[in-house]
Ligand SMILES: Nc1nc2c(ncn2[C@@H]2O[C@H](COP(=O)(O)OP(=O)(O)OP(=O)(O)O)[C@@H](O)[C@H]2O)c(=O)[nH]1
Ligand SMILES: [Mg+2]
C-alpha cells in the first residue's frame, strides 16, 4: 500500500503518538493491545487473556483475577512511526490509572461492546474524555458475537456521548455472522481473515444499497460542521474523497464526532483499519502540547503518567515528553521541587523495560530512579520549574480495610511497602489511627483493596492480614452523679494519699469533655488539681461500655490531702477511681457516628438505592437530578458509619459498577437495644 507520510487527506500529524485504550470493564482493551502489538510486529504471536500470555496484564494480580488492575504500557512501530499505547483498566475501582494517563495522550480508543448494561460505564469514561477535550474513537469490539444491527447498537450507545457517534464502517453479514465490513470513507469492502489483513472484495446487491445509505448518513453528520459539504450533499454533488478524509480528521481532532470502527480483537479483525485511522486522523504531539499549554523549545517538559517499582530496575516513572529532549543524566524538577537525575531511559513493553537512547518530544518512555517524582507530576529542565499541567486528584475513597503484617518483624518493612504502594497507586490512602493504633487502607472498592493487600505480599514482600476497620464508637452518660474517689496506701515508709469528690454530669451532644475546678479553702491544694484532671481524662479513655467517653462535665468540688503522703500520682489515681466508680451509675449509653452520604447513580437505579439505604438504617433526606449528568440522580441520606462500611459493594452491584458516593462525618447519635448490646459484647470479647 502506498504511504508517503501523507494520508489520503494530506493533513497527517507526524511523529510519535501516545494513545489510550479505555472502555467499560472487560470490553477487550488488553486483547486489542495484544492484537496491535502482534499486527505491528512488536511480538511474534498474539497471546490471550485466558492463557495469561498477554503483554498487558502481566502482573501476578492481573493474571490471577483475569482483569486489568493497573495501566499497561507498550510501545510499538507502525509504518515508521512510534506508537505508545496505554491499556487502561475498565473497572471503576482502578479508574485512577486511566485518569492519570489521559491528559498526556493524543487520542483515546474507546473499546466497547454492544451491551446495554455497559452504557453507564461508557458514559462515565466518555465524560472524562469530554472534560479533558481528548479526541476519541470508538472501537466496537466483539462483533463476532453481535446479535443486533450495528445501527441499533449505535442508537443504544449514543446517549453515553455528548457528540454524535459517527459510523465509519458497516458490517457485512453472512448467515447471521459478521464476515467483514465496508469502509464508508474508502468505499471499499473487506472480508475478515483471522490474524491476517482483511481481503478486499466487490460490493454488490443489497450490500451496495446499504453502503450508499450509511455513507450518506455519515456525510450528513460530517456536514453539520462543514457548510460546503452540506451544499454538495443538498445539490447531489459527490464530494471528493480527500475532502471526506480531511473532514474525518478535522472533526475527530475538534471533537465534533466520535468515529466508530468495528472489530474482533481476539482475531485481530479491524485492527489494521484502526491503526490507519489513528495514523491519519489522530492529532500528534504538536496539538497535544498546545492543548496542555506547553510551548516547544529547548526546555524539556514531560508528564508522569504512571509509576512502577520494579524488582530489578527500582523506581520507573513513565512519562510523555511534551517538549524538548530527556536523556540519561538529565536533571529534572517538578513544580514543587527536585525530581532527581534520570538514571536510564527505557522503552516500556508491559512489565519489561529496555534501555534506549534519549527521548524526544512526543515519545513515551520510562525514566529511571526519579525519587522526587510521582504520577501526575510535570517534569521540566528549565531554570524555572514548569507549572503543574494537569494534576489529577483521585476520587474520594469509599471502602477501607485494616491491615497488619502477618509477622511482627515485618512492621518496619510494611511502612516502606506502603510508600511504594501509594506511589504506584495514588487512589489508595494509608491512615494510621492514633487512638487504637490501627493502620487502615482506604480505596475505591473491594477488588481494589484486595489487590492492594496482595501487592503488599507479592510485590513488596510483606504478607498482611486484613479485617474490617474499627468503627469510631463512643459512649456518654445520661444521669448526673456526685462521686468520691479515695486513694490511700500505708505500707511501711512513705504512703499514698489522695481524696477527691467529683460532680459528673452529661453535656449536650458534640460538647466533648469539660473539667472545672470548684475547690474552695484549699481542701485540695492547687498544685494537685492538674493531676486530678489527668486522672479523669485517663479514665475517660475507656468507659464502662469499653469506649471513649464524651460529652460530659466533671467538676472537682471537694476532697482532702495529707501533708506527707499526698502526691500528683496519688491524686491522679483518686481522680481515676472517682470516674471508674461513678460512670456505671450514670446510665452510660453508646454513641455511634452518623455520616452524611451522597450517592450518585443512574436514575433507573434510584429506587434500588432507596431500598438499600432503608435496609441500612439510613434516614433519606431526598433525591435530585444530578447536576450536569442527564440520566443520573443524587440521593442524600444520613446513615450510621457502621452501615457505610461495605455500602459500596451493594451500590456497585445495583448500578453495573458505576454508582458511587461521598460521605462526611455529621454527628454522634445514641444507640440502644440489641444492636448496642452486641457491639458492647463484641468489644468485651476483643479485650
Ligand atoms: N468473542 C470475543 N471475545 C473477546 C474479544 N475481545 C476480547 N474478548 C474476550 O473478552 C474478555 C476480556 O478481554 P480483555 O482484553 O481482558 O478485556 P479488557 O477490556 O482489557 O478488560 P479490563 O481491563 O479488565 O476491563 C476475554 O475473555 C477476551 O478473550 C472479541 O473481539 N470477541
Ligand atoms: Mg484489560
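The values are calculated or read from the model by the stated rules, or taken from the named source; none is laboratory data. None of these values were measured; they are calculated from a predicted model. Because the Cβ atoms are built from the backbone with ideal geometry, glycine has one as well, and the counts that use them run over all protein chains shown.
Just the residues that are outside any strand (DSSP E or B) and either at pLDDT 95 or above or under 22 Å from the mean Cα position of the chain (by Cα) (or both), please, taken from region 625-640.
Just the residues of region 625-640 that are outside any strand (DSSP E or B), to begin with: 626-631.
Those that are outside any strand (DSSP E or B) and either at pLDDT 95 or above or under 22 Å from the mean Cα position of the chain (by Cα) (or both): 626, 627, 628, 629.
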(request) Check 261, 252, 229 and return the single one that is more than 38 Å from the chain's Cα centre (by Cα) and not in a loop (DSSP other than H, G, I, E, B). (result) 229
(request) Would you please name the residue that is farthest from residue 322 (Cα to Cα), looking only at residues in region 75-102 that are part of a strand (DSSP E or B) and within 12 Å of ligand 2 (Cβ to nearest atom)? (result) 87
(request) For region 188-214, enumerate the residues that are touching a helix residue (DSSP H, G or I) at 6+ places or on another chain (Cβ under 9 Å) and either at positive phi or surrounded by 13 or more Cβ atoms within 10 Å (Cβ to Cβ) (or both). (result) 189, 190, 192, 193, 195, 197, 198, 203, 214
(request) Considering only region 264-305, state which residues are outside any loop (DSSP other than H, G, I, E, B), surrounded by 24 or more Cβ atoms within 10 Å (Cβ to Cβ) and more than 16 Å from ligand 1 (Cβ to nearest atom). (result) 277, 281, 285, 288, 301, 302, 303, 304, 305
(request) Report, by residue number, each residue of region 403-452 that is outside any helix (DSSP H, G or I) and more than 22 Å from the chain's Cα centre (by Cα). (result) 404, 405, 406, 407, 433, 434, 435, 436, 437, 438
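Out of curiosity, is residue 355 in contact with a strand residue (DSSP E or B) (Cβ under 7 Å, 6 or more places away or on another chain) and part of a strand (DSSP E or B)? Show your work before the answer.
Working: in contact with a strand residue (DSSP E or B) (Cβ under 7 Å, 6 or more places away or on another chain): yes; part of a strand (DSSP E or B): yes.
For residue 355, the condition - in contact with a strand residue (DSSP E or B) (Cβ under 7 Å, 6 or more places away or on another chain) and part of a strand (DSSP E or B) - is met.
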(message) So, in region 415-429, exactly how many residues are crowded, with 20+ Cβ neighbours inside 10 Å and in contact with a strand residue (DSSP E or B) (Cβ under 6 Å, 6 or more places away or on another chain)?
(response) 3
(request) Could you look through region 538-549, keep only residues that are under 15 Å from residue 582 (Cβ atoms) and crowded, with 17+ Cβ neighbours inside 10 Å, and pick out the one that is nearest to the chain's Cα centre (by Cα)? (result) 549
(request) Return the total of residues in region 13-40 being near ligand 2 (Cβ under 9 Å from one of its atoms), farther than 12 Å from residue 85 by Cα and not in a loop (DSSP other than H, G, I, E, B). (result) 1
(request) Could you tell me which of the residues 685, 669 is at pLDDT below 95 and more than 24 Å from the chain's Cα centre (by Cα)? (result) 685
(message) Filter region 65-87 down to the residues that are farther than 17 Å from residue 459 by Cα, within 16 Å of ligand 1 (Cβ to nearest atom) and touching a helix residue (DSSP H, G or I) at 6+ places or on another chain (Cβ under 7 Å) and list them by number.
(response) 74, 85, 86, 87
(request) Mind listing whichever residues of region 41-64 are more than 9 Å from ligand 2 (Cβ to nearest atom), out of contact with any helix residue (DSSP H, G or I) (no Cβ under 7 Å at 6 or more places or on another chain) and either in a helix (DSSP H, G or I) or within 21 Å of residue 310 (Cα to Cα) (or both)? (result) 53, 58, 59, 63, 64
